[in-house]
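Down below is the structure, laid out as structure tokens.
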Amino acid sequence: MIEIGDRTFAIGDPLVIGTLAGAAIVLLILLLLALSLRAARKTASMSEPLIWQMNELGKSVQTLGSGQEQLAGGLRSVSDAQQTGQSQMLQQMEQRLAQVQAQMNDRLHDNALRSARSLAEMQEKMNDTLKGGSEKTTKSLTELQERLATIDKAQANIEKLSGDVLSLQDILSNKQTRGAFGEIQLQDIVSKALPSDSYAFQATLSNGRRADCLIHLPNPPGPIVIDSKFPLEAYETLRRAETQGQVAEATKLLRQAVKTHIKHISERYIVDGETADGAIMFLPSEAVYAELHANLPEVVREGFAARVWIVSPTTCMATLNTMRAIVKDARMREQAGAIRKTLQLVHRDVELVVERVGKLDTHFNQARRDLDDITTAAERAGKRAQKLDSFEFDELDTPEAQVVPLKRD
């Protein structure tokens with residue numbers, strides 16, 4: 001409650017509240033005025049530097065204005081220079097473009113010339129290639145014709161060979177001609193494997209039998225006979241056999257034919273005191289020889305027992321090479337005496353050479369000593385000549401020496 005004079009007012013009364021608010025506002029305004037006056041005084045004290053700064057700011061603004069004018073002039077100068085540079089740049093670009101265009105024209109012209117030359121060279125190469133191709137084609141056709149001619153000749157030779165084969169079949173179908181065929185083949189092999197003086201063909205033995213070939217081997221074993229046999233009929237029968245019975249029958253015939261040949265050779269061509277203790281049966285067919293060793297080994301063993309060795313053309317060559325070594329060894333033994341005598345003479349010649357070398361060495365030693373003596377004498381003479389060369393005549397004391405004057409006639 002608030003009492004003013006004789007009136008009492010409640011605090012919650014709106015009138016009291018409004019009055020109090022107005023009073024507060026008045027007080028606040030008075031306070032703000034007091035603060036404003038105080039600030040005005042302070043502002044008056046601080047306005048002098050501010051005025052000076054404002055003056056300086058005015059001067060700066062003037063300076064900035066003049067600088068702006070200079071900047072405007074510079075910008076105009078830069079604009080003018082830029083325009084001038086652009087015009088010059090445009091001129092240079094136009095010149096550069098003209099040069100580039102000229103260079104492009106020159107390059108295009110050069111490329112055109114090169115293309116023309118390349119086309120000309122390519123055309124020339126194509127012409128040469130076509131020409132070479134035509135020449136090669138012509139050459140190939142010529143070679144083809146030559147090869148066709150060669151084929152024709154070969155065909156003629158084949159036809160001739162067919163006739164020869166038929167002739168060979170005719171030869172082999174006859175026993176006498178077949179025997180001659182085997183003998184000729186045996187002669188060819190023997191003449192190639194042995195020296196000509198170490199064998200004889202169709203040699204007659206003391207029992208009157210004539211051997212196809214007699215090899216002159218030294219004792220032991222002595223001369224050995226080679227006889228040619230060719231059981232072709234039995235082998236051909238075996239080849240044509242189809243059934244098991246035919247094969248057995250043909251094998252029996254082949255076994256019997258070979259055994260007969262072994263018996264004949266053993267009885268006819270092994271002579272005591274004249275030939276070796278054995279003989280050789282020559283089969284001119286490798287097929288027959290292989291058949292015997294593959295399917296009839298007992299026949300081969302019977303030949304060994306009868307001292308008859310079966311050979312084919314291949315094994316005959318190997319056997320003859322062994323015989324050649326035996327003949328060569330025998331001849332070496334025969335020549336052993338002459339070789340020994342020759343070696344004695346060679347030994348004597350070596351002794352004479354040694355004696356002469358000794359004498360020559362003595363002469364060399366004497367010559368070496370003479371050279372040493374000559375070298376010693378030469379060194380001694382050189383030393384004396386050196387002494388004479390270093391001898392000083394001015395140091396000689398010759399006061400009594402008299403000079404003999406020369407007299408003129």
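The values are calculated or read from the model by the stated rules, or taken from the named source; none is laboratory data. Bear in mind that the values here come from a model prediction, so they are computed numbers and not experimental data. Note: ideal-geometry Cβ built from the backbone for every residue, glycine included; neighbour counts use all protein chains shown.
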Problem set entry | D188 vs. criteria at pLDDT 85 or above, within 57 Å of the chain's Cα centre (by Cα), outside the structural domain of A290 (by TED's automatic domain parsing) and not β-branched (V, I, T) | yes
Exercise. Restricting to helices (runs of 4 or more DSSP H) lying wholly in the stretch 173-284: which have 1 or more residues that are more than 25 Å from E302 (Cα to Cα) and in contact with a strand residue (DSSP E or B) (Cβ under 8 Å, 6 or more places away or on another chain)?
Worked result: 175-193
For this session: Can you tell me which residue among V271, V247, V258 is touching a Pro at 6+ places or on another chain (Cβ under 7 Å) and β-branched (V, I, T)?
Result: V258
Exercise. Between residues in the stretch 378-395 that are at pLDDT 70 or above and residues that are aliphatic (A, V, I, L, M), which pairs lie under 9 Å by C-beta distance while being six or more apart or on different chains?
Worked result: none
Problem set entry | Test: E183 is of a type outside the set (F, W, Y), in contact with an Asp or Glu (Cβ under 6 Å, 6 or more places away or on another chain) and modelled with pLDDT under 85 | yes
Exercise. How many residues does the stretch 224-250 contain that are out of contact with any Lys or Arg (no Cβ under 9 Å at 6 or more places or on another chain) and within 30 Å of L320 (Cα to Cα)?
Worked result: 7
Exercise. Mind checking which residues of the stretch 298-322 are in contact with a Pro (Cβ under 9 Å, 6 or more places away or on another chain) and part of a loop (DSSP other than H, G, I, E, B)?
Worked result: S312
Problem set entry | Options P220, P231: the member that is more than 23 Å from H261 (Cα to Cα) and at pLDDT below 80 | P220
Problem set entry | Of the criteria (1) touching a residue at least 24 places away in the same chain (Cβ under 8 Å); (2) within 21 Å of C316 (Cα to Cα), which one R209 fails | (2)
Exercise. If A287 passes every condition in (1) within 56 Å of the chain's Cα centre (by Cα); (2) assigned to a helix (DSSP H, G or I); (3) within 25 Å of Y269 (Cα to Cα) but one, which one does it miss?
Worked result: (3)
